[in-house]
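The values are calculated or read from the model by the stated rules, or taken from the named source; none is laboratory data. From a predicted model like this one, the values you see are computed outputs, not experimental measurements. Note that each Cβ is placed from the backbone with ideal geometry, even for glycine, and that neighbours are counted across all protein chains shown. These accessible areas exclude ligands, DNA and RNA; they are computed on the full protein's heavy atoms, side chains included. Shrake-Rupley method; radii C 1.70, N 1.55, O 1.52, S 1.80 Å.
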Amino acid sequence: MRIGLLGGSFDPVHCAHLALASTAREALNLDQVQLIPAGQPWQRPPLGATPTQRLEMVSRAIEGHLGLIANPIETDRTGPTYTIETLNALPQGSDYFWILGADQLYNFCTWRQWSEIAARVQLVVAQRPGSPLTVPQELAQWLLTNQRELIELPFHPLDVSANEIRHRITRGESTSDLIPEVVAQYISEHGLYRQRTA
């Protein structure tokens, strides 16, 4: 199988995440794209929703979206979340495509065992508003040496951020144009993001 992997904090999941996952599935002829909420991202400040809540929001958001799957592989683990450990835990025998935003690509060489990650998956990058698509020199050299490519996804970036969504909720403003209604309902039911977060 050809499987896309889209990791992130999803705090909360929003329309740009869903658009990116669907675009990748169609453009790369993937059998499915798995959205993987991070359990405890080691490069991020504390999150506003628990791993269980973020997984549930993703599960609700992807209902009706063909080929999109919520994968609990990281939320089921304890301790800091490292991508290499996620890859080690995935079933063997499929071709995996790791989908990155341009901001994640810029920091990719700070990830634990990044060259091992690059060796085991096909890296795919998408534009993000405010983040130039710059390949780190170390990664560029690794790709050249190992005759591997970085796929640039034909994706028109949406100017949506989880940070802006959280701030809107804190201020009592509408988020109807940014997140699916089922996610908005879940956030309201559980009183999420009412206190300002980073």
Quick calc, the chain, dipole around Cα centre from Cβ unit charges on Lys, Arg (+) and Asp, Glu (-), nearest 20 debye, gives 380 debye
Under the 0.36 nm per residue contour assumption, what length would be gained going from the current alpha-carbon distance of Arg112 and Gln92 to full extension?
5.1 nm
Accessible-area value, Arg166, 1.4 Å probe, nucleic acids and ligands omitted, Å²:
10 Å²
Go through Ala118, Ser9, Ile99 and say which Cα lies farthest out towards the positive end of the charge dipole of the chain; charges sit on Cβ, +1 for Lys and Arg, -1 for Asp and Glu.
Ser9
Would you mind telling me the antiparallel percentage of the DSSP bridges in the chain, rounded to 5?
5 percent
Rolling a 1.4 angstrom probe over the protein heavy atoms, how many square angstrom per residue are accessible across segment 74-198?
55 Å²
One quarter of the convex hull surface, Cα atoms only: what value does that give for the chain in nm²?
10.7 nm²
Taking the chain and counting helices only, DSSP H stretches of n ≥ 4 at -39,500 (n - 2.57) each over all residues, the nearest-500 ellipticity at 222 nm comes to -10000 deg cm²/dmol
Given H placed on each backbone N at 1.01 Å, which residues far from Gly7 in sequence or on other chains put an amide H within less than 5 Å of it?
Ile36, Ile99
Considering only protein heavy atoms and a 1.4 Å probe, what is the carbon-and-sulfur percentage of the accessible area of the chain?
47 percent
Separation in nanometres of the label points that stand 7 Å from Cα toward Cβ, at Gln185 and Glu85
3.5 nm
